[in-house]
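Working notes, beginning with the structure itself.
What follows draws every value from the coordinates through simple rules; no lab data is involved. This is a predicted model, so every value here is computed, not measured. Here the Cβ is made from the backbone with ideal geometry for all residues, glycine too, and neighbour counts use every protein chain on show.
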Amino acid sequence: MAYEKQVVVITGCSRGGIGHSLALEFASRDCLVVATARSLTSISDLQTDPRFFLQELDVCSDESVRHALSTVLEKLGRIDIVVNNAGMQCVGPIAEVPLIAIEKTFNTNVYGSLRLIQGVVPHMASRKKGKIVNVGSVSALAPLPWAGTYTASKAAIHALTDTLRLELRPLGIDVMNVVPGAVKSNIGNSALATYNSMPEWKLYKHFAEAIHARATYSQSAKSTPSEEFARKTVDAVLKKNPPAWLSLGHQSTIMAILYHMPIFIRDFLLRKRFNC
């Protein structure tokens, strides 16, 4: 019976994150979910549920990606949907963020997705069937101060997704860009942990409070519950013809409006909002 279900591979499924909610939602739609994380302990609550096949997967490792995908194909026979959700935040002024932190962010958010894509496309192309879902961010629509590294990585995902949608269509593969607004997750805590490892700012000392606040900017009382976000996202992904672009979540509309504003007006508003 498992072989009749759609097999969905999701990266970054640790408890408290968007990926975990997506995994639960896909499972509730009669999918067989391959829930992955760098450490299986972070998804141990799914261990005994037969709807899940757990895999340790570090998107920053070529070998880890190859091993996980080959294991899934060996055990389950196919992969119908890949959701590139794993990601990390990076907060700080671009001029002073250590390059190693920028490289790590891009390795996770951009190259990590590309590793999965290049690993799974030959299989999907051989079946002339498959869906690839990349998770971007509304921050790429109107880049905000103090998180330029993260925003740039998500802008890269948007551009790559638009190109892949055209290039993979002749191979029978649908590509979808999911663009979350402010959604309740553990990204704020993760961002703070990364931020605490940053050096003391030199040129931006008097902006330290505003920079620190940026780490948890997406996590407010009005942020969209991850369960609601997951439900609407899975609704779209499972359509026969999924949309090319899906943006939802708190502040997604205002970010779209900012995107279409003249740049000098947008800059004025963002300088006022973020004290820069």
Response to the item:
Site Asp30, offset 7 angstrom along Cα→Cβ, radius 15 Å on amide nitrogen, limited to the range 233-250, gives 238-240
Worksheet item: Once amide H atoms are placed 1.01 Å from N in the peptide plane, what residues at a sequence separation of 5 or more from Ala147, or on another chain, have their amide H within under 5 Å of its amide H?
Response: Gly92
Discussion item. How would Glu25, Glu209 line up from fewest to most surrounding beta-carbon atoms within 10 angstrom?
Written reply: Glu209, Glu25
Discussion item. For Gly130, what residues show an amide H to amide H distance below 5 Å, using hydrogens built from the backbone and excluding near sequence neighbours?
Written reply: Asp174
Fill in: Approximate spin-label separation Gln47-Ser220, in nm, with each point projected 7 Å along Cα-to-Cβ
3.9 nm
Worksheet entry | Inter-centroid distance (Cα atoms) of the range 86-123 relative to the range 220-254, Å | 22 Å
Discussion item. Could you tell me the relative contact order of the range 2-274? Use alpha-carbon pairs under 8 Å, at least six residues apart, and round to a whole percent.
Written reply: 19 percent
Worksheet item: How many Lys pairs in the range 122-276 lie less than 19 angstrom apart by Cα atoms, where the lysines are 8 or more positions apart or on different chains?
Response: 13
Worksheet item: Among rounded, prolate and oblate, which fits the range 169-222 when a ≥ b ≥ c are the square roots of the eigenvalues of its C-alpha gyration tensor, a/c under 1.5 means rounded, and a/b larger than b/c means prolate?
Response: prolate
Worksheet item: So what's the angle, to the nearest 10 degrees on a 0 to 90 scale, between helix 62-76 and the longest Cα principal axis of the chain?
Response: 40 degrees
Item to complete: Calculate one ³J(HN,Hα) per residue across the range 251-263 by plugging θ = phi - 60° into the Karplus curve 6.51 cos²θ - 1.76 cosθ + 1.60, and present them in order as whole Hz with x for glycine and proline.
Response: 6, 5, 5, 5, 5, 5, 5, 4, 4, 8, 6, x, 4
Fill in: Which of Thr41, Ala156, Ile254, positive extreme of dipole for the range 2-274 (C-beta unit charges)
Ile254
Discussion item. Starting from 0.36 nm per residue, how many nanometres of slack lie between Ser39 and Lys75 once their C-alpha separation is accounted for?
Written reply: 10.9 nm
Item to complete: Calculate, in nm to one decimal, what Glu4 and Asp162 gain on full extension: separation in residues at 0.36 nm each, minus their alpha carbon distance.
Response: 53.8 nm
Fill in: Computed over the chain, Cα set: Rg, Dmax in Å
18.6, 61
Practice prompt. For n ≥ 4 DSSP H runs only, could you compute -39500 (n - 2.57) per run for the chain, divide by its residues and tell me the 222 nm figure to the nearest 500?
Written response: -13500 deg cm²/dmol
Worksheet item: Measuring from label point to label point, each 7 Å out along Cα→Cβ, what is the Ile265 to Trp201 span in nm?
Response: 2.8 nm
Response to the item:
Under the 7 Å Cα-to-Cβ spin-label approximation, Ala236 and Glu103 lie apart by a distance in nanometres of 3.5 nm
